[in-house]
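Every number in this text was worked out from the coordinates using simple rules, so none of it is lab data. It should be emphasised that the depicted structure is a prediction, and the values quoted were computed from it without experimental measurement. Cβ: placed from backbone, ideal geometry, glycine included. Neighbour counts: every protein chain shown.
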């Protein structure tokens, strides 16, 4: 049974050291991002950071102390989709199945020409929210000449949650590089644990197919698609289309990551879509995070189970996706809010877009 540990809970140096050693070895054996680099041991610079942090373990008194201690080591591996946390990832998934303030999709009719949709997450509840907004044509999102999709601060969630948005962007074809899953006994079990706990029946079925493929191969790499294709095309045809805006601005920033970046990577292939803002976070190549509880039972390793082997120069991890139109990083809330006005002005006033 998963749970969340209070960060202020007592943790002994011995417990922390045991968990750190376990984490370091577990990641070498199971993390897809590490396996893609073919590391058998950690590079010297990362190993030095690990050893230096372990020497400080005598000062650990709480769960929070241990999490902070291991962070430099994990950050040296990569900036996201890796962690040692007191919160169970499965518990977090379940939280996102019900809408909350942070997950709420909002709309606004900015003018007779332009409608706006803010999608702060792709959590489990978002797909149904989007479907409802579309069904009700909230704030004229189906008939607006121009559309702004605000994905700033969208840290991701589930790719499926973004599906309704594609039908608002007219006819298009989207190509995606398919991730490969790293198969190990621990990773198979992690997928089973998620399948058992998650409430969404469609996702359960998808996970069941992946688990079946993993079990048939037992180890190594496999594409997550049934036909083992490296590239996949998704066509939005005339019969699928719910809206035909002339132009769409997708606002992005450094906090747009993971599934948020997957959506951005796809829709920028659409000629009517323009991305605007700052580089995205850079957390997409190593992805599909799962968890493993540590020996102390007080912490969870969050780690990536899939990796996209992109062509040289096309990597996204630690780099991000650059916007078509780069805006300076907002210095305050007013400047942040003003980006929506800049997008609206671009759509409604700039000729030959």
Legend entry - DSSP-defined antiparallel bridges as percent of all bridges, the stretch 88-353, nearest 5: 55
Legend entry - Largest to smallest principal axis extent of the C-alpha atoms in the chain, angstrom: 64, 48, 39
Legend entry - Separation between Cα centres of the stretch 2-51 and the stretch 158-186, rounded to whole Å: 30
Inset, instruction - Just need the Rg to Rh number for the stretch 88-184, please, alpha carbons only, Kirkwood Rh. - result: 1.02
Inset, instruction - Calculate how steeply helix 44-54 sits against the longest principal axis of the alpha-carbon atoms of the chain, using the helix alpha-carbon long axis, and give the answer as 0 to 90 degrees to the nearest 10. - result: 70
Legend entry - Nearest-0.05 FRET efficiency for residue 337 and residue 10, computed from C-beta distance (R0 45 Å): 0.55
Inset, instruction - Taking the Cα atoms of the stretch 198-353, report the difference between the largest and smallest coordinate on each principal axis, in whole Å and largest first. - result: 57, 45, 37
Inset, instruction - Project the alpha carbons of the stretch 285-353 onto their principal axes and report the range along each, largest first, in whole Å. - result: 59, 34, 18
Legend entry - Among 317-323, 300-306, the order from most to least packed when residues are scored by Cβ within 10 Å on average: 300-306, 317-323
Legend entry - Estimated distance in nm for a label pair at residue 326 and residue 242, the labels positioned 7 Å out from Cα along Cα-to-Cβ: 3.5
Legend entry - Values of log10 I(q)/I(0), in the order q = 0.23, 0.24, 0.25 Å⁻¹, for the stretch 172-246 under a Debye, Cα-only, solvent-free model: -1.03, -1.07, -1.12
Legend entry - Fully extended contour minus Cα-Cα distance, from residue 348 to residue 319, at 0.36 nm per residue: 7.3 nm
Inset, instruction - Please tell me the relative contact order of the chain in percent, rounded to the nearest whole number, where contacts are Cα pairs under 8 Å and at least six residues apart. - result: 21
Legend entry - Extension gain from residue 38 to residue 293, taking 0.36 nm per residue of separation minus the Cα-Cα distance: 89.4 nm
Legend entry - Percent antiparallel among DSSP beta bridges (both partners in the stretch 19-167, rounded to 5): 40
Legend entry - Convex hull per residue volume in Å³, alpha carbons only, for the stretch 14-122: 163
Legend entry - 78, 71 arranged by Cβ crowding within 10 Å, fewest neighbours leading: 71, 78
Inset, instruction - Calculate, for residue 219 and residue 312, the FRET efficiency according to 1/(1 + (r/R0)^6) with r their C-beta to C-beta distance and R0 22 Å; round to the nearest 0.05. - result: 0.25
